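Below: the structure, in structure tokens.
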Amino acid sequence: MAKRRGTRSSTQKMRDTAPRGWKAGIWRWTKRLTVGGLLLAILGAIGLFTSVYFAAQSMPSYAELKQSQNGQTILVRARDGSEIVELGPSYGQWLDADEIPQVMKDAMVSVEDHRYYSHFGVDPMGLARAVYNAAAEDRQVSATSTITQQLARNVFLNSNRTMGRKAREAVLAMALEWNFTKDEILELYLNKVYFGGGAYGIDSASRKFFSHSATTLSLEEAAIIAGLVKAPSRYSPTADVEAAVGRANVVIGQMVRYGGLDPAVAREVNVEAVNLREEMGQNSIRYFTDWALPQLDLLLPNGTFEPIEVWTTIDVGMQRAATASVQSNAPEGAQGALVSLDRDGAILALVGGTDYVTSNYNRATDAMRQPGSSFKLFVYLAALEAGYTPDDNVQDVPVTIDGWSPRNSGGNYAGQIDVRTAFAYSKNSVAAQLGNEVGFSNVASMARRFGITTPIATVPSMTLGSSEVRLIDMARAYAAVSAGGQSVEPYGILRVTTPDGEEIYRHSNARSYRLVPDYVAAGITDLLQTAVATGTGRAAQIGRPVAGKTGTTNSSRDGYFVGFSSGVTTGVWMGRDDNGRVAGLQGGTAPARAFAAYMRYAVRDRPVEEFDTDLKLPDWELEPDDELYYGEEGDYYYYIDEQGNLVEPGRTNRARDEGFDVEGEGSDIRRDPLDPRGMDEQRGGTRSPNRPAGGQSPQKPPQAASDDFLEQATGQDLPRDQPRQRRMADDLINEQRF
């Protein structure tokens with residue numbers, strides 16, 4: 001029994017000692033973790049202190065921070081030097097701490113960092129609360145940046161949402177607190193923080209939104225400005241007044257809670273009564289600046305970061321007229337665009353849509369739409385270059401080309417008409433035939449030659465404008481026609497200067513080269529002015545010579561008119577962004593009317609200019625080459641008859657067979673074949689349909705020169721002692737014989 005009790009006692013003893021050993025182990029590990037944690041905390045604190053210390057030592061001075069800027073300010077001027085828009089960051093006047101209204105300081109601290117005066121750059125309480133809320137609601141930790149952290153980010157870092165950036169931001173914030181006082185940090189912050197619309201600092205924001213210095217800000221204005229920091233674009237008073245007022249009222253509530261604002265005063269606040277500055281130069285002119293200013297990257301030397309002034313080609317009056325003409329003529333639910341070029345390529349006006357605030361998509365320079373019949377410019381240019389003239393006859397009849405059958409508007413066909421009429425009335429059948437005859441690839445090459453940069457499909461339907469183009473390219477092509485067939489390069493920047501007037505760029509005209517011969521340019525101008533005078537473009541008439549062409553696509557999806565007068569070339573497009581149908585839209589209606597409304601203003605101070613349509617054909621079309629006057633037998637060129645006249649071999653019988661009067665008093669064959677004015681007459685003759693074939697002339701043509709002149713010219717009067725000259729003369733006579 002005793003043994004059993006001893007055994008039980010030993011077992012019980014083991015059981016009693018086991019828990020004490022387990023507890024001791026836990027205690028030992030707890031102490032180790034605590035000590036390790038303290039050591040890590042101490043090491044972390046040492047590391048943090050070291051980082052903050054070195055960051056503080058390497059930080060720029062207060063004066064250097066005041067002078068630093070975060071971007072480049074660009075002041076855009078019109079061609080007359082007037083200011084039209086200022087882009088990029090604007091810093092306004094620097095306000096010292098004692099110049100900043102206390103109401104502005106209270107508003108900013110209340111809404112952005114109400115424990116600003118009690119933390120050391122980082123707000124531990126705010127961070128702990130954010131972590132707790134995130135854990136309780138199962139979401140990400142919300143933003144907890146203090147005013148000092150925001151300043152560190154704006155001055156030294158970027159806005160990347162990474163842990164590394166946040167850690168550097170915290171270190172720099174504490175370094176700022178190490179180096180500067182709270183008043184100095186708040187002064188830096190209020191003069192540098194971004195408030196939207198390119199405005200950096202409260203003075204710039206006050207001038208932008210309220211048209212006065214920040215030194216006189218009211219409570220309501222201070223609340224609006226303080227509310228912008230959270231989301232400048234969302235709460236901008238020029239973009240959304242209701243959102244700005246709502247946010248300002250939140251700021252007022254925070255000021256009552258943390259800023260010591262009397263609730264009774266807060267109840268009297270009426271943010272909606274604040275007078276906002278009217279936004280100027282931010283609508284249609286922005287379409288132009290969006291196109292022109294990116295070119296500065298290529299025009300200016302690398303590393304140009306100082307503020308600059310950009311002098312442009314825009315005419316303010318023309319821009320207003322262009323905007324009004326598009327807005328007043330665009331069909332309901334449709335968009336419109338306009339590009340206007342001077343004779344040297346300078347952009348006078350550019351409108352990319354009916355309203356920039358609603359849509360900043362630039363339909364004048366970026367949109368690719370079908371130009372319709374305005375693309376026929378290139379078809380007829382290729383035809384004229386191939387030898388057609390405006391007076392040549394063509395057949396307006398139904399045709400099928402590679403399985404494609406173009407149809408005229410209305411389905412009517414005129415039969416035999418001349419080229420001028422076919423172009424004026426935009427006959428699709430004729431354009432298709434001409435394109436097929438000269439070659440679709442040649443039409444595409446002509447378009448490329450005149451500045452079309454978009455892809456062109458060399459299929460039959462391309463003759464009617466099935467390939468998409470940009471409006472600015474079409475305006476450039478028509479401007480080249482206005483320039484007599486010389487190339488034109490659109491440009492929008494005249495020169496760039498620094499604020500003190502130092503010129504760092506000046507535009508030089510691009511080298512111009514001939515695109516088509518003079519007679520081709522004259523011929524197409526003849527066709528274009530007829531299209532406006534009597535054809536589809538009659539709505540574009542402005543009381544002076546105008547040349548241009550309409551364009552309408554299937555189902556009235558696009559309407560085009562491009563034309564020129566007195567050195568100004570203008571292209572207009574209208575249609576829907578979704579490529580939907582616009583009832584009643586044709587190139588000869590709304591686009592042509594918008595063209596006329598704008599051009600009446602654009603050319604009002606310019607002299608009336610008549611177009612050069614005198615078709616001076618080249619020598620190779622007018623007459624044969626000199627060396628072929630004496631060609632081989634069978635060549636269809638001139639030879640000298642027994643009377644000394646130049647005539648065509650076999651011409652007499654063939655001309656008589658065709659009913660032309662080639663001899664006698666009715667003859668209109670000129671005696672001087674080198675006179676180009678007579679070549680059409682030489683080739684045509686005078687039709688005499690009643691004259692019998694092979695009939696005899698009542699009288700012979702007079703001898704071209706006297707016998708004495710012929711003897712002298714052929715060497716018959718040479719002395720006998722000059723046999724070499726006589727042999728040469730004999731050889732010449734023999735060569736002249738047919």
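Just a few scattered comments:
- The residues of the stretch 379-506 present an accessible area of 39 Å² per residue when probed at 1.4 Å with all protein chains retained.
- Arg257 versus Thr181: modelled label distance in nm, points set 7 Å from Cα along the beta carbon direction: 3.0
- The share of accessible area on the stretch 301-419 that comes from carbon and sulfur is 45 percent, using a 1.4 angstrom probe.
- Convex hull per residue volume in Å³, alpha carbons only, for the stretch 474-601: 148
- Extension gain, Lys616 back to Ala63 (0.36 nm per residue minus Cα-Cα distance, nm): 191.7 nm
- Peptides 315-327, 262-274 ordered by average Cβ neighbours within 10 Å, highest first: 315-327, 262-274
- Mean Cβ count within 10 Å, highest first, over the residues of peptides 245-252, 195-202, 510-517, 545-552: 545-552, 195-202, 245-252, 510-517
- Pairs beyond 30 Å (Cα-Cα), from Lys31/Lys166; Lys105/Lys166; Lys182/Lys208: Lys31/Lys166
- Cβ crowding within 10 Å averaged over residues, with 374-380, 433-439 ranked highest first: 374-380, 433-439
- Values of log10 I(q)/I(0) for the stretch 276-429 across q = 0.12 Å⁻¹ run -0.76, by the Debye formula with one identical scatterer at each alpha carbon and no solvent.
- Listed values for the stretch 552-569 are Karplus-derived 3J(HN,Hα) couplings in whole Hz (6.51 cos²θ - 1.76 cosθ + 1.60, θ = phi - 60°), namely 9, 9, 4, 6, 6, 7, 9, x, 10, 8, 10, x, 8, 7, 6, x, 9, 10, and x replaces Gly and Pro.
- Between Thr534 and Thr453, the simple spin-label model (points 7 angstrom out along Cα→Cβ) gives 3.9 nm.
The values are calculated or read from the model by the stated rules, or taken from the named source; none is laboratory data. All values derive from a computational prediction rather than experimental measurement. Here the Cβ is made from the backbone with ideal geometry for all residues, glycine too, and neighbour counts use every protein chain on show. Only protein heavy atoms, including side chains, enter the accessible area calculation; ligands, DNA and RNA are left aside. Shrake-Rupley method; radii C 1.70, N 1.55, O 1.52, S 1.80 Å.
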